[in-house]
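Engineer: Have a look at this one.
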Amino acid sequence: MLEADDYAKLSVGNFDADEQLIVQRLVADDVILRQEIAEQGLTSLGDVVVSFTYDELRDFVIAYNLIGGVTDSNADALEDVLSRLPGRPIYEGVYKYAYLLARKTGKPLAVSVCEGATDFAEHFSLNIHLLPPAAQNSDDVSRVEAMLADTSNHARLNRTARFLLRRGNQAELLNTALLIKHMNSLGAEAHEAFIRTLFSDPRDYYGTRDWRQQVGKFVDDVWEASAQDSLASYRSEWIAFFLHASSYARWDGRERAADLFLNSLAKAHWREALELARNAGAESVQSLLAEIEAPGEMEQ
């Protein structure tokens, strides 16, 4: 496939007898390979053409072959293939597996080739959730911080934030604490823009869905989950995110969020969430904190 630059099918005419026997067995199983109809013509007479049953498996096998051929001083084949694939359906899958295998097997030259791609940031954001915690490093932290700071790419920002929200394990370099640290560092305007991006629907071309209304729905969902004690396993960092987001709800949503905190202060992780947001630069967060910690004074 690599030599023919044809990733849809493969002729086995040049395979030796043992290789053809293996192919026949795989085709018979109809799990990994399937037989295709060969092109008409004298040159293809009697030829057997096969393809992978699943594109995902094909992409992995190609990437595995490419990474396996990379040495400490040579990654020419990998670089050549990745330079020819952009714009083709196979590119995203092959790139994904090539990069993950390069990182996991510790091949710095292969990693460098993958990270040199012009669209690396996009691929990284799409596949960061597949990167094993043991393979994460300080460069990944810097990349994630940069993606959080780039509010111009809404889809990438959303992917990154949602990925971090699901990563509560503080032993991993990429975890929810990175998201809270970033949000705490934002001033009023930047903080509002950040929350607006997270709660805006990119498909809402006519602006009919108000992002603050979506924040309100988020507050309602958390309120209902709390009533069912479904938040018991949520870490303090996630609850700190809830505090940041709910500070932009309408007055009734803010009031409900404040009540939820007041009713939950007996739980250590809710108190820890308040401390995590203590240094937030956004006035909206500080205002909500004040409502929670001095409700009587705010009413006067």
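The values are calculated or read from the model by the stated rules, or taken from the named source; none is laboratory data. From a predicted model like this one, the values you see are computed outputs, not experimental measurements. Virtual Cβ from ideal backbone geometry, glycine too; neighbours counted across all protein chains shown.
Engineer: Given the criteria surrounded by 19 or more Cβ atoms within 10 Å (Cβ to Cβ) and of a type in the set (A, V, I, L, M), does Leu130 qualify?
Structural biologist: Details: surrounded by 19 or more Cβ atoms within 10 Å (Cβ to Cβ): no; of a type in the set (A, V, I, L, M): yes.
For Leu130, the condition - surrounded by 19 or more Cβ atoms within 10 Å (Cβ to Cβ) and of a type in the set (A, V, I, L, M) - is not met.
Engineer: Which condition breaks for Gln213 when tested against (1) in the same structural domain as Glu293 (by TED's automatic domain parsing); (2) modelled with pLDDT of 95 or more?
Structural biologist: Result: Gln213 fails condition (2) only.
Engineer: Now a separate question. List the residue pairs whose Cβ atoms are under 6 Å apart, where the first residue sits in the stretch 79-92 and is under 14 Å from Ser112 (Cα atoms) and in the same structural domain as Gly68 (by TED's automatic domain parsing), the second is surrounded by 12 or more Cβ atoms within 10 Å (Cβ to Cβ) and of a type outside the set (Gly, Ala, Ser), and the two are 6 or more positions apart or on different chains.
Structural biologist: Matching pairs, first to second residue: Glu79/Val113.
Engineer: Among the listed residues Ser264, Ser233, identify the single one that is over 24 Å from Thr160 (Cα atoms) and among the hydroxyl-bearing types (Ser, Thr, Tyr).
Structural biologist: On the way: Ser233 fails: over 24 Å from Thr160 (Cα atoms).
Answer to the check: Ser264.
Engineer: Anything in the stretch 78-94 that is surrounded by 15 or more Cβ atoms within 10 Å (Cβ to Cβ) and in a helix (DSSP H, G or I)? List them, or say none.
Structural biologist: Quick first cut of the stretch 78-94, residues surrounded by 15 or more Cβ atoms within 10 Å (Cβ to Cβ) only: 78-79, 81-82, 85, 90-94.
Across the stretch 78-94, the qualifying residues are Leu78, Glu79, Val81, Leu82, Tyr91, Glu92, Gly93, Val94.
Engineer: Residue check, Leu66 against (1) at pLDDT below 90; (2) not assigned by TED's automatic domain parsing to the domain that holds Leu2, all met but one. Which one?
Structural biologist: Tallying (1) at pLDDT below 90; (2) not assigned by TED's automatic domain parsing to the domain that holds Leu2, Leu66 fails exactly one: (1).
Engineer: Another one. Counting only residues that are assigned to a helix (DSSP H, G or I) and touching a Ser or Thr at 6+ places or on another chain (Cβ under 8 Å), which one in the stretch 95-151 is farthest from Leu57 (Cα to Cα)?
Structural biologist: Looking at residues that are assigned to a helix (DSSP H, G or I) and touching a Ser or Thr at 6+ places or on another chain (Cβ under 8 Å), I get Leu148.
Engineer: State whether one or more residues within the stretch 175-194 are at pLDDT below 90 and surrounded by 16 or more Cβ atoms within 10 Å (Cβ to Cβ).
Structural biologist: no
Engineer: Filter the helices (runs of 4 or more DSSP H) completely within the stretch 231-300 down to those with at least 1 residues that are over 20 Å from Gln170 (Cα atoms) and among the hydroxyl-bearing types (Ser, Thr, Tyr).
Structural biologist: 236-246, 251-264, 283-293
Listed here are the residues, each with its yes/no results for (1) at pLDDT below 95; (2) crowded, with 16+ Cβ neighbours inside 10 Å; (3) aromatic (Phe, Trp, Tyr).
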| position | (1), (2), (3) |
| --- | --- |
| Glu3 | yes, no, no |
| Val12 | yes, yes, no |
| Asp16 | yes, no, no |
| Ile22 | yes, no, no |
| Ala28 | yes, no, no |
| Glu36 | yes, no, no |
| Val48 | yes, yes, no |
| Arg58 | yes, yes, no |
| Ala102 | no, yes, no |
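Engineer: For Arg167, all conditions in the list (1) part of a helix (DSSP H, G or I); (2) without any contact (Cβ under 8 Å) to a residue 12 or more places away in the chain hold save one; what is the number of the exception?
Structural biologist: Here Arg167 meets the rest and fails (1).
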